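The values are calculated or read from the model by the stated rules, or taken from the named source; none is laboratory data. All of these numbers come straight from a predicted model, not from anything done at the bench. We place every Cβ from the backbone using ideal geometry, glycine too, and count neighbours over all the protein chains shown. Side chains included, ligands, DNA and RNA excluded: accessible areas come from the protein's heavy atoms. Shrake-Rupley method; radii C 1.70, N 1.55, O 1.52, S 1.80 Å.
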Amino acid sequence: LVRPLSLIPGKSQLVQENGKYIYKYNLKDPKPWSMEIDKVAEFETQVTRNGKVETQPVQVFVGIDPEYKFKRIMFANNDYFTAGGLYKNSQKATEVERCAFFTKVVYEFAKYLKDPASMPNMNITNSAELKNLKAPSAMILNDWHAAAMAALLRFKAPFEAKFGELSKKAADELTNMNLVNINHNLDYQGINHSHREDVINTLFDRYAYDIYENAKTGFGFDGLKNVLMTGDNVNLANMGASLSNILKPVSPTYAKEVGEQARRSHSMQHILDVRRKQGTLVGASNGWDRDFNDVSVSKIQKFNDSINSDKFEIFKHSILNIKGLDSEKHRMINLLFEKNLNSRDFKVLIEELRKLDSAAINDVLEKLQKEGITELRQFNPYTYADSPEEIMLARKRNKQMFIEFLNSMNEYNKKVNKIFNIVSSENTDLSHLTPEDIENTVVFNMGVRFVSQKGVDVACQSIKRVLTEWESKFSGRRKPIFVIGGADGEGGAIKKIAYNLKAELGPDLGKYLVYQDGYTKNNIFQAGSDFTLYPSHFEPDGAKWESLYKGTPVICTRVGGHVDSVTPGYNGFLTKRTIPEIDSVTTDGNGNRIYDRYLKELSDDFTDSIYEAVNTYYNKDAYTEMVINSIKGDQSWLIKDGNGNVTGGALLGHMKDLGFDLKEFPEIQLAGA
């Protein structure tokens, strides 16, 4: 696995301890992920920024992933790989520039492994570790972020060989290398409007003009004559789509959608249509690892941290707001929290706070203990290997913990100036629910990014209809609870829909909608609910397997990867119509979508699927069977048997497409292989 060594302030860092390099990630976790790595080489490479040529230093690190045991090669550079997030601009480069730079340095290191004489400026810092690295024989390019590699291999390697900078043998191996380019979401294509010349010059250096002039598709479409561009803009995704051996969107249905629908392929419509007709646009399920997403014993601490996060926040807020303490006491309390809060150990915190010998602090501690704030909830672990009885018992208990968690935040917001992100706490009331009530109440969750794609508008329309129609359809049954939320991604327009719904429902129905404005804890959302909602307008693959591996069936629109992973009535439900079918009855004479009509049709379909789910829930045997079907599914990157042999998974399809003979790998045990 080759990637940048990303340095995100407050989240990741590279440190030296006892002469060793340690890469740490998720620094705020009680136990940050860490990996011992070796620096094997360093070199300088040329870039163009704001029209000026400069050099940038690059360090190459190698290590073994501590959990999954595969080799990582990571490239470090402060200007390009230090930013506020993996997919953010840095202070000195846009996201597209960062990815172009990353791809270039990977190319240069691969070139060195093929032909060491081609990189005279390479400084070897650990020759023993470097010898363990083999030159690549094929590559999987992950989304648009790595797609420029196809252009570097196909175009730059031959130029460098022609001018004596690379051996002909190495150039031929690089130029003709088999490439699979995976596409996650072609709404994002790595397009750069303002730095297009800088990106092209950074990638191709002194050969940039000649490569640009000759990088033709051969298809002759207007605006798509150059594989480096679409229209007048650099487009990294287009490089991979035009020049990789096989283009693989992350689900078969999504591949069909991007190949046939301009709404889904945007500026790449023509090239994707050509590749579809060639048979080199082939969808494949993305691969969601089961053991990363289940509720196993090894993962349960993360669930317990989430299900108790309200208590730690209440505890911290209560102590930090004690009145009458002097500044020194406040300083010591702040240091104490900085040091110990992430340990998730109230015993240690209370012992240290009592040492401060303050009556005011002791009074608050007594009050918090009486209120049960320091008594931790426990989520019950379960996996596909457990019996149906064990799974359903654990899920029943976890659902109660989830409702208690939501109610705790809501009730505290009523008492104290809001410290939690639940909206309109006065219009939410879960405190009266007994364990029996909770068992007889269907709980739906939806934690997503609040962007147009995810269908928050569809969900809100359906929630409103379900709650207003409930008495006529399910008379005598307890009304369902809908828990939705997510971080805003479009300037507030999407979250306003959810906020307004809370008000529109009024006090009688609004109490059945819990809306969180901001990031949601999806692990306990999904493991503590009966169904997860995915009302996407489009969805290349989607996170539904995060829910299914927890035994929580899903309700999805009939789009993209939902179609390929969800079997209605088996592990969830799909709407009856596809988006094109709905568009066919909701567009005007010019083919323009009439949004209100479209939204009504889609949300009506989605509401019908919710009703199917409710009926299934009330049939306990049918619901239990659906839970078991959900949890026993497997769409892992690699699927292994009890002996650790590989028996399936998304990676095997990619290996075949790259030209590997699976019979040459003894750990792969496939029938007929």
* Take every Cα-Cα pair in segment 485-593 and report what % of them are more than 22 Å apart. => 48
* Structure fact -> In degrees rounded to 10, the 0-90 angle between helix 595-618 Cα long axis and the longest Cα principal axis of the chain is 60
* Compute the separation of the alpha-carbon centres of segment 431-484 and segment 29-58 and state it in Å as a whole number. => 48
* Structure fact -> The base-10 log of I(q)/I(0) that the Debye equation returns for segment 109-228 at q = 0.10 Å⁻¹, one scatterer per C-alpha, is -0.36
* Does anyone have the angle between helix 620-632 and the longest principal axis of the chain? Alpha-carbon axes, 0 to 90°, nearest 10? -> 30
* State the three equivalent ellipsoid semi-axes of segment 517-673, derived from the C-alpha gyration tensor as the square roots of 5 times its eigenvalues, in descending order and whole Å. => 34, 23, 14
* To do: With a 10 Å radius around each residue's Cβ, average the other Cβ atoms per peptide and rank 463-469, 527-533, 410-416, 180-186, highest first.
  => 527-533, 180-186, 463-469, 410-416
* Asked: Per Stokes-Einstein, at 4 °C and 1.567 mPa s, what whole-number D in µm² s⁻¹ belongs to segment 530-596, with the Kirkwood radius over Cα pairs as the hydrodynamic radius?
  -> 102
* To do: Considering the convex hull of the alpha carbon atoms of segment 326-468, report its projected area averaged over all viewing directions, in nm², one decimal.
  => 13.1
* Asked: According to the square roots a ≥ b ≥ c of the eigenvalues of the Cα gyration tensor, what is the shape class of segment 272-348, taking rounded for a/c under 1.5, prolate for a/b larger than b/c otherwise, and oblate for the remainder?
  -> prolate
* Positive-end residue of Thr175, Ala208, Thr230, charge dipole of segment 158-273 with Cβ unit charges -> Thr175
* To do: Set the Förster radius R0 to 25 Å, insert the Cβ-Cβ distance between Tyr188 and Arg3 as r into 1/(1 + (r/R0)^6), and round the FRET efficiency to 0.05.
  => 0.90
* Give me D for segment 1-58 in µm² s⁻¹, whole number, from Stokes-Einstein with Rh from the Kirkwood sum over alpha-carbon pairs, 20 °C and 1.002 mPa s. => 157
* Structure fact -> Volume per residue (Å³) of the convex hull spanned by the alpha carbons of segment 570-635 is 87
* Under the Debye formula (equal points on every Cα, no solvent term), log10 I(q)/I(0) of segment 368-421 at q = 0.20, 0.24, 0.31 Å⁻¹ -> -0.79, -0.94, -1.18
* Asked: How many percent of DSSP beta bridges within the chain run antiparallel, rounded to 5?
  -> 55
* Tell me, what is the percent relative contact order of segment 24-77, built from C-alpha pairs under 8 Å that lie six or more residues apart? -> 28
* To do: Provide the per-residue ³J(HN,Hα) series for segment 88-104, in order, calculated from phi with Karplus coefficients 6.51, -1.76, 1.60 and θ = phi - 60°, each as a whole number of Hz, with x at glycine and proline positions.
  => 10, 6, 8, 5, 10, 8, 6, 4, 5, 4, 4, 6, 5, 4, 4, 4, 5
* Asked: Helix-derived [θ] at 222 nm for the chain: sum -39500 (n - 2.57) over DSSP H runs of at least 4, divide by residue count, nearest 500?
  -> -12500 deg cm²/dmol
* Structure fact -> Taking only C-alpha positions in segment 165-205, Rg and Dmax in angstrom work out to 14.9, 39
* Structure fact -> Quick calc, the chain, dipole around Cα centre from Cβ unit charges on Lys, Arg (+) and Asp, Glu (-), nearest 20 debye, gives 500
* **Furthest towards positive pole of dipole, Asn286, Ser6, Leu365, structure part the chain, Cβ charges** => Ser6
* Asked: Label Asp608 and His432 with points 7 Å out from Cα along Cα→Cβ: what is the distance between them in nm?
  -> 3.5
* To do: Largest first and to the nearest Å, give the Cα extent of segment 419-537 along each principal axis.
  => 40, 28, 27
* Structure fact -> The long-range amide H neighbours of Leu141, using H built 1.01 Å from N in the peptide plane and a cut-off of under 5 Å, are Val180, Asn181, Ile182
* Asked: Of the heavy-atom accessible surface of segment 184-331 (probe 1.4 angstrom), what whole percent is carbon and sulfur?
  -> 48
* Too long at a 29 Å Cα-Cα cut-off: which of Lys632/Lys656; Lys415/Lys511; Lys88/Lys414? -> Lys88/Lys414
* What is the Å³ per residue value for the convex hull set by the Cα atoms of segment 1-101? -> 105
* Structure fact -> Taking Cα atoms only, helix 359-370 is inclined relative to the longest principal axis of the chain by an angle, in degrees rounded to 10, of 80
* **Distance histogram in 10 Å bins (all Cα pairs of segment 183-312, percent per bin)** => 11, 33, 22, 14, 13, 5, 0
* **Whole-angstrom gap from segment 236-301 to segment 507-522, using each part's C-alpha centre** => 33
* Asked: In Å², what does the accessible area per residue of the chain work out to with a 1.4 Å probe?
  -> 44
* To do: For the chain, report the translational diffusion coefficient in µm²/s to the nearest whole number, using Stokes-Einstein at 4 °C, 1.567 mPa s, and a Kirkwood Rh over Cα pairs.
  => 47
* Debye, to nearest 20: dipole size of segment 1-151, +1 on Lys, Arg Cβ, -1 on Asp, Glu Cβ -> 160
* Could you calculate the contour length gain from Asn89 to Arg593, that is, 0.36 nm times the residue separation minus the distance between their Cα atoms, to one decimal place in nm? => 178.1 nm
* To do: Please say if segment 245-288 is rounded, prolate or oblate, where rounded means a/c under 1.5 for a ≥ b ≥ c the square roots of the C-alpha gyration tensor eigenvalues, and otherwise the choice is prolate for a/b larger than b/c and oblate otherwise?
  => oblate
* For segment 435-532, which whole percent of the accessible surface, found with a 1.4 angstrom probe, sits on carbon and sulfur atoms? -> 45
* Carbon/sulfur fraction of accessible area - segment 1-110, other protein chains in place, 1.4 Å, % -> 48
* **Cα Rg over Rh - segment 307-372, Kirkwood** => 0.92
* Structure fact -> Phi-derived 3J(HN,Hα) across segment 530-536 with the Karplus relation (6.51, -1.76, 1.60, θ = phi - 60°), rounded Hz, x for Gly and Pro, is 8, 9, 10, 9, 10, x, 5
* Can you pick out the pairs among Lys114/Lys640; Lys248/Lys521; Lys69/Lys248; Lys299/Lys544; Lys339/Lys367 whose Cα atoms lie more than 21 Å from each other? -> Lys114/Lys640; Lys248/Lys521; Lys69/Lys248; Lys339/Lys367
* Kirkwood-based Rg to Rh ratio, segment 604-663, C-alpha trace -> 1.25
* To do: Work through the residues other than Val466 whose Cβ is under 10 Å from its Cβ and net out their charges, Lys, Arg +1 and Asp, Glu -1.
  => +3
